[in-house]
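Take a look at the structure below.
The values are calculated or read from the model by the stated rules, or taken from the named source; none is laboratory data. Everything numeric here is computed off the predicted structure, so don't read it as measured data. Note: ideal-geometry Cβ built from the backbone for every residue, glycine included; neighbour counts use all protein chains shown.
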Amino acid sequence: TSSLFAPIALAPRDPILGITEAFNADPNPNRINLGVGVYVGDDGRVPLLECVKRAETLLLEGSQPLTYLPIDGLQAYDKAASSLVFGADSPAIAEGRVVAVQTLGGTGGLRLGADLLRGFTPAKRVWISDPSWENHRALFENAGFTVETYPYSRERGRELDFAGMVGCLSGLPAGDVVILHACCHNPTGLDLTPEQWAEVIEVVKARGLVPFLDIAYQGFAEGLDPDAAPVRAFAAAGVSMLVSSSFSKSLSLYGERVGALSVVTSDSAEATRVLSQLKRLVRTNYSSPPSHGAKIASAVLGSPELRALWDEELTGMRTRIRSMREALAEKLTALVDGEDFSFITRQRGMFSYSGLPQLVIARLREEHSIYALDSGRICVAALNSRNIDTVANAIAGCLKTA
Ligand code: PLP
């Protein structure tokens, strides 16, 4: 007479949510949360971009009915999203070889791509970087893949292990899927140079691997075009590939779930077949995507004026993060004898793998109410003009007495 759900075990807690809960429960009014995964401004708040506000005003004035979108999403959005990653002059797009589908954020793009690969290709195994975004493993495992890791960082996450990475990829069998962060690697902030990308592309091509690029922070390293360079280099190499992209961070549209899956195929007939199967996967899963965020994104991307404003606002976010990196590195180098913190300025995007030992992370939490992830990942965007000295002094203090 036991209940239907009695055998269900409790799922493991999301480690980041655990940090947030502990932070929220901390009575210290000066508590600082460096565990967040979103961009916040100098005022500590998630920004509402002016370009988004204006796009929303236009939508409101237009008073369009809230009807269903097509299964594969708003067509203007799909076009805009794929040309943002592949470039407006992409030969693959011009040749009709790129299929783009609106997805529920970048996560939805990864999952849809995983379902396509698992359901319609022989691919069974996925390789993610060690470390990687914490959802990559579970997402691909839940889609039916075996998930393995390739080396990515050394020096406790402060430097890229490029030799290790290429060495591993060079030994993989054809058909294995490789997840690559196009820019602003989460969690380390370590990216490949253009020369290193060229080498990876050569290996992927030579071994017949399936590249699946994850670009969730386009615009946060150098700018919209330079950050997409690895995606464009892969496309130029003529390999079949998948790309999951997201506007969550770049348009600060987190809760609207605006992402895209783009698939580069070898000809337009193949593209038509791939799109037909992607639509079936969507139809049988959530039928069609939500419309509001896609309308905002396509309004911004479709208007030269709003697009220019977006570029400006994105530059503002990127520049603020970079100045926080420089300030933190400078302060720590001044405060801690014999340690070089310049790696913080070489890392890119929202995060830094600080390399701080877990003991130091624990003491920051207990003694200073400063919350970072156990892995040592800190969100550089959570630093601001009011808390940076507190953070630098606390880290230096804990390191001296560790
Ligand atoms: N991929 C990486 C590397 C990420 O860091 C994130 C978000 O943190 C995502 C994908 C998912 O983005 P979204 O919120 O658009 O689903």
Legend entry - Hits in region 25-54 - residues which are surrounded by 11 or more Cβ atoms within 10 Å (Cβ to Cβ), within 19 Å of Ser385 (Cα to Cα) and more than 19 Å from the chain's Cα centre (by Cα): Asn30, Arg31, Ile32, Asn33, Asp42, Gly44
Inset, instruction - Return yes or no: is Gly144 on the phi > 0 side of the Ramachandran plot, small (Gly, Ala, Ser) and buried (at least 16 other Cβ atoms within 10 Å of the Cβ)? - result: no
Inset, instruction - Would you check which residues across region 113-132 are within 20 Å of the chain's Cα centre (by Cα), surrounded by fewer than 21 Cβ atoms within 10 Å (Cβ to Cβ) and of a type outside the set (Asp, Glu) and list them? - result: Pro131
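Looking at region 128-146, which of its residues are outside any helix (DSSP H, G or I) and within 15 Å of the ligand (Cβ to nearest atom)?
Of everything in region 128-146, those that are outside any helix (DSSP H, G or I) and within 15 Å of the ligand (Cβ to nearest atom) turn out to be Ile128, Ser129, Asp130, Pro131, Ser132, Trp133, Glu134, Ala143.
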Legend entry - Qualifying positions in region 103-127 - within 22 Å of Val258 (Cβ to Cβ) and more than 12 Å from the ligand (Cβ to nearest atom): Ala114, Asp115, Leu116
Inset, instruction - Quick one: in region 87-100, of everything that is outside any loop (DSSP other than H, G, I, E, B) and within 13 Å of Thr265 (Cβ to Cβ), which residue is nearest to the ligand (Cβ to nearest atom)? - result: Ala100
Inset, instruction - For region 233-252, name all the residues that are touching a residue at least 40 places away in the same chain (Cβ under 8 Å), of a type outside the set (Gly, Ala, Ser) and more than 10 Å from Ala182 (Cα to Cα). - result: Leu242, Phe247, Lys249, Leu251
Inset, instruction - Within region 359-369, identify whether any single residue is of a type in the set (Lys, Arg), buried (at least 23 other Cβ atoms within 10 Å of the Cβ) and touching a residue at least 12 places away in the same chain (Cβ under 8 Å), and answer yes or no. - result: no
Inset, instruction - Check off (1) within 16 Å of the ligand (Cβ to nearest atom); (2) in contact (Cβ under 8 Å) with a residue 40 or more places away in the chain; (3) farther than 28 Å from Val200 by Cβ for Gly255 and give me the number that stays unchecked. - result: (2)
Inset, instruction - Kindly indicate whether Phe341 is on the phi < 0 side of the Ramachandran plot, without any contact (Cβ under 8 Å) to a residue 40 or more places away in the chain, of a type outside the set (Val, Ile, Thr) and buried (at least 22 other Cβ atoms within 10 Å of the Cβ). - result: yes
Legend entry - Options Thr103, Thr57; residue that is surrounded by fewer than 22 Cβ atoms within 10 Å (Cβ to Cβ) and modelled with pLDDT of 95 or more: Thr57
Legend entry - Odd one out for Cys168, checked against (1) more than 17 Å from Gly349 (Cβ to Cβ); (2) crowded, with 19+ Cβ neighbours inside 10 Å; (3) within 15 Å of the ligand (Cβ to nearest atom): (3)
Inset, instruction - Evaluate region 62-72: report whether one residue or more is in contact with a helix residue (DSSP H, G or I) (Cβ under 6 Å, 6 or more places away or on another chain), touching a residue at least 24 places away in the same chain (Cβ under 8 Å), within 17 Å of Lys279 (Cβ to Cβ) and more than 16 Å from the ligand (Cβ to nearest atom). - result: yes
Inset, instruction - Please go through region 138-165 and pick out each residue that is out of contact with any Asp or Glu (no Cβ under 6 Å at 6 or more places or on another chain) and more than 20 Å from Arg118 (Cα to Cα). - result: Tyr150, Glu155, Arg156, Gly157, Arg158, Glu159, Leu160, Asp161, Phe162, Ala163, Gly164, Met165
Inset, instruction - Of the conditions (1) at negative phi; (2) crowded, with 18+ Cβ neighbours inside 10 Å; (3) outside any helix (DSSP H, G or I), Gly349 clears all except one; give me its number. - result: (1)
